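The values are calculated or read from the model by the stated rules, or taken from the named source; none is laboratory data. Source: prediction; values computed, not measured. Cβ coordinates were reconstructed from backbone atoms using ideal geometry, including for glycine residues, and neighbour counts include every protein chain displayed. Heads up: the accessible areas ignore ligands, DNA and RNA and are worked out on the full protein's heavy atoms, side chains in. Shrake-Rupley method; radii C 1.70, N 1.55, O 1.52, S 1.80 Å.
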Amino acid sequence: MITFFRKLRQQLLTQNKFSQYLMYAIGEIVLVVIGILIALQINNWNEHQKLQEQEKKLLLSLQKEMQENIAILEDKVNYNEVSMASMDRFITLAYKERLTEYNYTSNIRIFDYNPAIVESPILDDILESDSRALLSNSELLQKLRALKANYNAIEKGEYYLDEFWNNKITDYLISAGTGYVIFSVMEADNIPDDIPTQKVLKIDDQFLSLIVVKKGLQRVWLRSQKNALERSKKVIQQLENM
């Protein structure tokens, strides 16, 4: 084919058919440009197919991570709701019955809470990188950013709760002689006889204030968990429909 066009070009030049040669040259340039454009289009198509395949694998990994986090959050929410209910019942009973003593081995959950920070390395990689290059769905990206904000709210709420526990509640329980058995009834039952402990706490204004403040902090924290759980389920539903 190349030999044919070369001979045709030489023939036009030898016959002094300049106008025809010019038209031929223009046509040859057009053919070359068309060939380049076709090659670029094929290359772009191949790259697009690769990106689509990468995005598909990424979304499958994200979906698996989120399904695991949903199971974790459901467990944490259920656990922490029991603790919240325990605090509600105790505060109501303490004020209504004017209780003066509290045996914490009978309802340890008023002091308890289950850490609920969610690990999301795949989600973090997506949001910390060039997100638009990884995911083509802008609506999904927006929802993922909102979900990460929910995860951050859980971490922030847990930080405040931990600080309150470490700086206030723990000191109070230790000063009351309960430092060895503040975490579970099982530990209280297995305390050696030679360890001095106090299973009955005096209900005073300080005690009630600690429980009321913990309840407020834990309520905000639990709400963040529920928001993250609800949003996670919606994102999972969108991923499954893609």
### Task
Please identify the pairs in which a residue from the stretch 214-242 that is more than 30 Å from Thr170 (Cβ to Cβ) has its Cβ atom under 8 Å from the Cβ atom of a residue that is of a type in the set (Val, Ile, Thr), counting only partners at least 6 apart or on another chain.
Ser232/Ile70; Lys233/Ile70; Ile236/Ile70
### Task
Give me a count of the residues in the stretch 184-230 that are assigned to a helix (DSSP H, G or I), out of contact with any helix residue (DSSP H, G or I) (no Cβ under 7 Å at 6 or more places or on another chain) and modelled with pLDDT under 80.
3
### Message
Just to check your reading of the model, which residue among Tyr102, Tyr95 is at pLDDT 65 or above, out of contact with any Ser or Thr (no Cβ under 8 Å at 6 or more places or on another chain) and not in a helix (DSSP H, G or I)?
### Response
Tyr102
#### Entry: Hey, Leu62 out of contact with any Cys (no Cβ under 8 Å at 6 or more places or on another chain) and either under 12 Å from Gln218 (Cα atoms) or without any contact (Cβ under 8 Å) to a residue 40 or more places away in the chain (or both) or not
no
### Query
Has the stretch 123-140 got any residue that is modelled with pLDDT of 90 or more and on the phi < 0 side of the Ramachandran plot?
yes
### Residue ID - modelled with the lowest pLDDT, chosen from residues in the stretch 59-68 that are open to solvent by 40 Å² or more (accessible area, probe 1.4 Å) and touching a helix residue (DSSP H, G or I) at 6+ places or on another chain (Cβ under 7 Å)
Ser61
#### Entry: Residues that are more than 20 Å from Asn152 (Cβ to Cβ), open to solvent by less than 40 Å² (accessible area, probe 1.4 Å) and modelled with pLDDT of 90 or more, drawn from the stretch 69-84
Met84
